[in-house]
Every structure is written in structure tokens, then in C-alpha cells.
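**Student:** Questions regarding the structure given below will be posed in turn.
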Amino acid sequence: MGQAITVTEKPTTKPGVTRFELNRSLTGMGHERYTAGAPVSGDRPPDAVARLLLERPGVESVHVYSNEITVVTAPGASTDGMAEAIEGLFIHYKPGVQPSIIV
């Protein structure tokens, strides 16, 4: 991808459940569900997002549908930094990083 993704974090009425809305679709019309402790296979964008979020302490599950990511966390776990991590996941050319050039 390499294009910037804007992420908006939206709390829900259910404790421990947070929704992130993106300005890009990651799955089309498909639902993808991931749980802590289960391996995430594949290299599609929703797989990459799930791996990133499930590595964080307290994340129990991740659901990706189109441009929405729903994260369920354990009691007391924080979502601090998740939106920024998602935004930076697909940026390939970051300041100070030399792009690889294949000749």
C-alpha cells in the first residue's frame, strides 16, 4: 500500500471493546476474526493489522470488517498508541529511512 491511513478511535458502550475506523477498506465485504494465542497466517492487510494488535499486552481479539477494526481488551488493558500503530503500519517510506532500490 504505502499510502497514509487515517485512523479514528471510537469507544463503545461495552467495556473493553474499542472500534477503530479507517479511511480505507482492508477486507472489502469479508469479516476476519483473530484471537490471542491463535497463529495469524497470511500476509493480507487484515492479517498484518491483527498481528500488530495481538502483540500488545491485554488484547484478547481483533475483528476486521471493511474499514472498521474492533479490538477486545482484557480489563485494565489500554488502547494507547493503537491508532498510531495502525496508521504507521502500511507506510513504507518513513522519514530518515532510505528506500531500497533494486537495479
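The values are calculated or read from the model by the stated rules, or taken from the named source; none is laboratory data. Being a predicted model, the structure only gives us computed values, none of them experimental. As a convention, Cβ positions derive from the backbone with ideal geometry for all residues, glycine included, and neighbour counts pool all protein chains shown. Each accessible area value is taken on the protein alone, full model and side chains, heavy atoms only, with ligands, DNA and RNA left out. Shrake-Rupley method; radii C 1.70, N 1.55, O 1.52, S 1.80 Å.
**Student:** For the stretch 1-34, give me each residue that is of a type in the set (Val, Ile, Thr) and assigned to a strand (DSSP E or B). Outline the logic, then answer.
**Tutor:** The initial filter retains those residues of the stretch 1-34 that are of a type in the set (Val, Ile, Thr), namely 5-8, 12-13, 17-18, 27.
Within the stretch 1-34, VAL7, THR8, VAL17, THR18 meet the criteria.
**Student:** Say we look at the stretch 17-32 and pick out the residues that are of a type outside the set (A, V, I, L, M, F, W, C) and touching an Asp or Glu at 6+ places or on another chain (Cβ under 7 Å); which of these is surrounded by the most Cβ atoms within 10 Å (Cβ to Cβ)? Write out each step before concluding.
**Tutor:** At the first step, the residues of the stretch 17-32 found to be of a type outside the set (A, V, I, L, M, F, W, C) are 18-19, 21, 23-25, 27-28, 30-32.
Okay, now just the ones that are also touching an Asp or Glu at 6+ places or on another chain (Cβ under 7 Å), so 18-19, 21.
Values: THR18: 20, ARG19: 14, GLU21: 14.
Across the stretch 17-32, the extreme among qualifying residues is THR18.
**Student:** Could I ask something else about it? Give the stretch 1-31 a look and list any residue that's in contact (Cβ under 8 Å) with a residue 12 or more places away in the chain and more than 17 Å from MET82 (Cβ to Cβ), or say none.
**Tutor:** Result: MET1, GLY2, GLN3, SER25, THR27, GLY28, MET29, GLY30, HIS31.
**Student:** Name the residues in the stretch 66-103 that are open to solvent by less than 100 Å² (accessible area, probe 1.4 Å), modelled with pLDDT of 85 or more and part of a loop (DSSP other than H, G, I, E, B), would you? Even if it seems obvious, please write down each step before you answer.
**Tutor:** Residues of the stretch 66-103 that are open to solvent by less than 100 Å² (accessible area, probe 1.4 Å), as a first pass: 66-74, 76-79, 81-83, 85-91, 94, 96-97, 99.
Okay, now just the ones that are also modelled with pLDDT of 85 or more, so 66-74, 76-79, 81-83, 85-89.
Correct list: SER66, ASN67, ALA74, GLY76, ALA77, SER78, THR79, GLY81.
This table checks each residue for (1) of a type in the set (A, V, I, L, M, F, W, C); (2) open to solvent by less than 80 Å² (accessible area, probe 1.4 Å).
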position: TYR34; (1), (2): no, yes
position: VAL49; (1), (2): yes, yes
position: PRO57; (1), (2): no, no
position: VAL64; (1), (2): yes, yes
